[in-house]
Structure formats: C-alpha cells, structure tokens
Amino acid sequence: MKKYFINGGKKLQGSIKVNSAKNSVLPIIAACILNKDITVIKNAPMLDDVIVICDVLRSLGADISVDREQKVIKIDTRELFQCEPPSEMIRKMRASFLIMGPMIARFGGFKISLPGGCNIGTRPIDLHLKGFKALGAEVNPQFGVVEARAEKLKGNRVYLDFPSVGATENIMMAAVLADGETVIENAAEEPEIEDLANFLRTMGAKIIGAGTGTIVIEGVKKLKGVEYTPMFDRIEAGTFMVAAAITRSKIKLENVNEKHIKSMTAKLAEMGIGITSGEDYIIVEASEELKPIDIKTMPYPGFPTDMQAQIMALLTTVTGTSIITETIFENRFMHVNELTRMGANIKIDGRNAIIEGIESLSGCEVKATDLRAGAALILAGLVAEGSTTIVDIYHIQRGYEEIEKKLQGVGADINIIDV
Ligand code: EPZ
C-alpha cells in the first residue's frame, strides 16, 4: 500500500510552480462534448480525477490522447454516442455529472447514474435538475439514474437557491446551444466559472457576466475546437501557502494571480504572515509568532471551503483560540480526528471547530479521509515532531499532482513508500 512518509521539522525555501486548476479542467473537458471537433488542453494537471473524466468521455466514444510529459490532452469529440456511461465511473468521481448539461445540449436527451454523495456531504443535484427543467427538459430521477429529454433546449431565466458551482457550470454549458437567451441568477462566482466561460467563448459561445452573480448566455448553433490553457489552481496555491506558514518558512509560488486568492492572502496577513505578490507570483513568509484568527467558509469571493482543512492544520500550531465555521458542506471536519491523533486540541460544536494552538504536533500514522483533509495531514506532518505516515493517499492524488516532489523541491523530507 502506498503511503506518504514525512520527517517533520524542516524549513522550506525556494519556489514551486502551481499547476492548472483541477476544478477548471474537469468542466472544460466535459464542455468538449458541446463541439464536434478536436480540442487541445495545454498545461493540464495529470491528476487521477482528470484521467477519470477522460475515461468517461471515452466511454461515450471520444478519442482522447494524454501526453503526460508535455501535460497536453487532445480531445476528439467528432463522434460521440448517446449511451449511458458506466455508473461506477460517475459514482467514483462526482464531477463526471458535469457531462449531463453538454449531453442534453448535444443529443436532446441523456441518461446517467445519480452521482450520490461523498465523504464530505450528500452533495444533492436538485439545482442542476432545476436548471435543465427551466430550459425545457423533462427530467426524471428514479431508480438511481436520472434521465433528461428535450427536443431542443430553450433559453430561460433560472434562479439558483444556492450559488452552486456545479449547477452553474452544468446549466451554463446546457444553455450554450439552446434557442434564445438564458439568465442564471444567484450564479456561483468562482474563478473556475469564469475560466469555463472563457473557454466556451473561445469555442464561439456567447456568454457575459461569468464571475458575477448573473450570467447571460445567448444560444449559438455551433462551436469549434480550440487550444486552451486553464487558469492556475488556487487551492493548490493556497495549500502551498499554508506549507510555508506552518513551517514558518519563506517560499515563492509561480503561476499565481493574487486577484483570485484575496480571501486566503487576507486571512494569512491577519495572522501576521508576510505576503508580497507580482503579476504571476506570490511570496509567503512566516515568522515564528503568528496570531490566531476566526474563519468562516463562504461561496466565492469568501474564504473557500476547499482550504478549510489546510488552514485548520496551520491554526493547531498557533498559540491562542481560533474558530473555523464550515458553512458549505455538512461533514467536512473529518480531518479533525486525524489532527487530534497528532496532538491537536480541537473541539467541534456543530458547524464550528474551536482550535486551541499547541506547542507542537507529534508525528504518527494518520488516514486521509478525503482530498483536502489528506492535504491538511501532509501540512501537519511537515511540522510535527518525529515522522508521520499517511495512508489512503489515493484521496490526495486525485487533486494534487506529485505533491511530494513539489514539496521535496523546497526542502521538505517527504516520500512515497510502498509497504
Ligand atoms: C465544487 O463542487 C468543487 N468541485 C468542490 O471542490 C468545492 O468544494 C465546491 O464546488 C464548493 O466550492 C469541483 O469543482 C469539481 P457546489 P460542487 O455545487 O459543484 C449544495 C475539491 O476539493 N448544492 O457548489 O459539487 C451542496 O450540498 C472539491 O476540489 C445543493 O444543495 O459544489 C453544497 O452544500 C470538493 N444542490 C453546496 O451547494 C445542488 O444541486 C456547494 O455545492 C448542488 C449543490
């Protein structure tokens, strides 16, 4: 079994180049279904989740080549079948559900396994289905699958009761080939939505307002294949910012635009961490004495839920009381048990985690329970006394490409062992 093995206590220095965003590349690959052409994605992150969604498109007939060396994915969607992808693929990676909107737009109908929940929450899809219905599709979720039928989608107004990232993406993609205008209100504003809209516009779609709460899509008849480089991964960047902070080090992150990580840099600055940024980089420098803070996860531009576990690991090492409130997912504190095993002092009260900083964490064997919880354990291991072994690292490899190599590159003592 593969595990991460970390000897804590090493200071970090140097720079890390941040990858393109997993949460951009996944909807962008799904969006290739909308055109009968060849699309090339450059600087693509070679992640397990990216390979899974490529396999989903291959199961529909797409011809996809992945060049791991060059980090290029070539997607030929000229020939696709309107078949149901294997349910184990959809359940394995929930973001596969993002093919629903494009498939309805391309074929006028589609049947797919319900994605189901995951460790961090039930992850409902009611807002996705509300959007497809508003565009004129007949939607029928039952017996573990959902079928949608529509001769031709028609533009309409859709109000999202919650600014769901996935629902905004699925509805936006479905609307691109619909007749007429679609307005998505209370849309998610995450930068990955803007990146997807930029990709779609490059292919010929007509979209304005992505990145704001109101997105307007004018349907078009046809799209064309393009070459595209997705935006940087702001959560990978945030994870490495915390690596610098938790080890009280100074590192530079390249391929980063601070505009999209303001909530993270603001909160780290409140802790007394030095942040300087340039056009496409950021430098993070942390001294020994940091201040405790309170954090509430919110939809963008608020503090991202995908950084909650990582900042919690940092706060366990900061003297004083910090409170983290998780407002997005109902079960996203599973890293607390594992951090507690490392000596952290954390109490959970509903959606709040109360953290009392301690002198030092101690290394031991811990278990990754989900992607970002696993990342938090790596961060804790970097600073814990002694060595830390992390099991179930497949969770982490879904969203971080060779994280051990990137951290080795700045001086961390971390390796993958197979025992
Ligand atoms: C995306 O998931 C991200 N995944 C998640 O990142 C991220 O945590 C999440 O957005 C929030 O930012 C990808 O982009 C592939 P949501 P998504 O729909 O789209 C409720 C990671 O670590 N909701 O914005 O599934 C839902 O229950 C992953 O990289 C409904 O009620 O998130 C949740 O409470 C984890 N009905 C909230 O919205 C719906 O129809 C946020 O979900 C849809 C969502």
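Taking H placed 1.01 Å from N in the peptide plane, check which residues at least 5 places from S15 or on another chain put their amide H under 5 Å from its amide H.
Amide H to amide H, under 5 Å and 5 or more residues apart or across chains, S15 pairs with K252.
For the residue pair S360 and M46, what label-to-label distance in nm results when each label sits 7 Å from Cα along the Cα-to-beta-carbon direction?
Spacing of the two 7 Å Cα→Cβ label points: 3.7 nm.
Residues of segment 1-157: accessible area per residue at 1.4 Å, in Å²?
For segment 1-157, the solvent-accessible area averages 43 Å² per residue.
Using a Förster distance of 30 angstrom, determine the FRET efficiency expected from the C-beta separation of Q13 and R58, and round it to 0.05.
Once rounded, the FRET efficiency stands at 0.10.
Compute the acute angle (0 to 90°) between the alpha-carbon long axis of helix 48-59 and the principal axis of greatest extent of the alpha-carbon atoms of the chain; round to the nearest 10°.
Value to nearest ten degrees: 20.
Amide H neighbours of V366 under 5 Å, counting only residues 5+ apart in sequence or on other chains, H built in-plane at 1.01 Å?
Amide H neighbours of V366, under 5 Å, 5+ apart: T389, I390, V391.
With a cut-off of at most 16 other beta carbons within 10 Å, and DSSP calling the residue loop, which trypsin sites (Lys or Arg not before Pro) in segment 15-117 qualify? Please list them.
K36, K42, R68, R78
Would you list T340, T39 from the most to the least accessible area, probe 1.4 Å?
T340, T39
Enumerate the calculated ³J(HN,Hα) couplings along segment 367-373 in order (Karplus 6.51 cos²θ - 1.76 cosθ + 1.60, θ = phi - 60°), each rounded to whole Hz, writing x wherever the residue is Gly or Pro.
These are the phi-based 3J(HN,Hα) values: 10, 6, 9, 7, 3, 7, 4 Hz.
What residues have an amide H closer than 5 Å to that of L177, excluding those fewer than 5 places away on the same chain, when H is modeled at 1.01 Å from N in the peptide plane?
Counting only residues 5 or more places away or on other chains, the set is V220.
Work out, step by step, the length gained on full extension between Y394 and S87: first 0.36 nm times the residue separation, then minus their alpha carbon distance; give nm to one decimal.
108.5 nm
If the only charges are +1 at each Lys and Arg Cβ and -1 at each Asp and Glu Cβ, what is the size of the charge dipole of segment 303-394 around the Cα centre, to the nearest 20 debye?
I would put it at about 80 debye.
Which value at 222 nm does the chain reach when only helices count, each DSSP H run of 4 or more adding -39,500 (n - 2.57), with the total divided by all residues and rounded to the nearest 500 deg cm²/dmol?
Computed ellipticity for the chain at 222 nm equals -8500 deg cm²/dmol.
Applying the Karplus parametrisation 6.51 cos²θ - 1.76 cosθ + 1.60 with θ = phi - 60° to the phi angles of segment 118-127, what ³J(HN,Hα) value in whole Hz is obtained for each residue in order, glycine and proline being reported as x?
Using θ = phi - 60°, the values come out as 8, 4, 8, x, 6, 6, x, 10, 4, 6 Hz.
For the chain, with the dipole built from +1 on Lys and Arg beta-carbon atoms and -1 on Asp and Glu ones, taken about the Cα centre, which of N257, M241, G219 lies farthest toward the positive end?
G219
Using alpha carbons only, how many degrees (0 to 90, rounded to 10) separate the axis of helix 234-246 from the longest principal axis of the chain?
Tilt relative to the chain: about 0 degrees.
Let me check against my output: what whole-number percent is the relative contact order of segment 22-228, with C-alpha pairs under 8 Å and at least 6 apart?
Relative contact order of segment 22-228: 21 percent.
Please get the size of the charge dipole for segment 22-228, origin at its Cα centre, with Cβ charges of +1 on Lys and Arg and -1 on Asp and Glu, quoted in debye to the nearest 20.
Dipole of segment 22-228, to the nearest 20 debye: 360 debye.
Could you give the distance between the Cα centres of segment 242-308 and segment 209-239, to the whole Å?
Taking the Cα centre of segment 209-239 as reference, the centre of segment 242-308 is 24 Å away.
Can you run phi through the Karplus equation (6.51, -1.76, 1.60; θ = phi - 60°) for segment 66-71 and list ³J(HN,Hα) in whole Hz, with x for Gly and Pro?
Those phi angles translate into 10, 9, 5, 5, 7, 6 Hz.
So how tilted is helix 191-202 from the main axis of the chain? Cα-based, degrees 0 to 90, rounded to 10.
40 degrees
Evaluate the distance, in nm, between pseudo-label points positioned 7 Å from the Cα of K206 and of Y159 along their respective Cα→Cβ axes.
2.6 nm
Note down the magnitude of the dipole of the chain about its Cα centre, charges +1 on Lys and Arg C-beta and -1 on Asp and Glu C-beta and zero elsewhere, to the nearest 20 debye.
Result for the chain is approximately 580 debye, rounded to the nearest 20.
Using 17 Å as the cut-off for backbone N distance, which residues of segment 37-60 belong to the label zone defined by a point 7 Å from the Cα of V72 along Cα→Cβ?
Inside the label zone: 38-46.
The values are calculated or read from the model by the stated rules, or taken from the named source; none is laboratory data. Computed from a prediction, not measured in an experiment: that's the story for all the values here. Virtual Cβ from ideal backbone geometry, glycine too; neighbours counted across all protein chains shown. Surface accessibility is based on the protein's heavy atoms, side chains included, excluding ligands, DNA and RNA. Shrake-Rupley method; radii C 1.70, N 1.55, O 1.52, S 1.80 Å.
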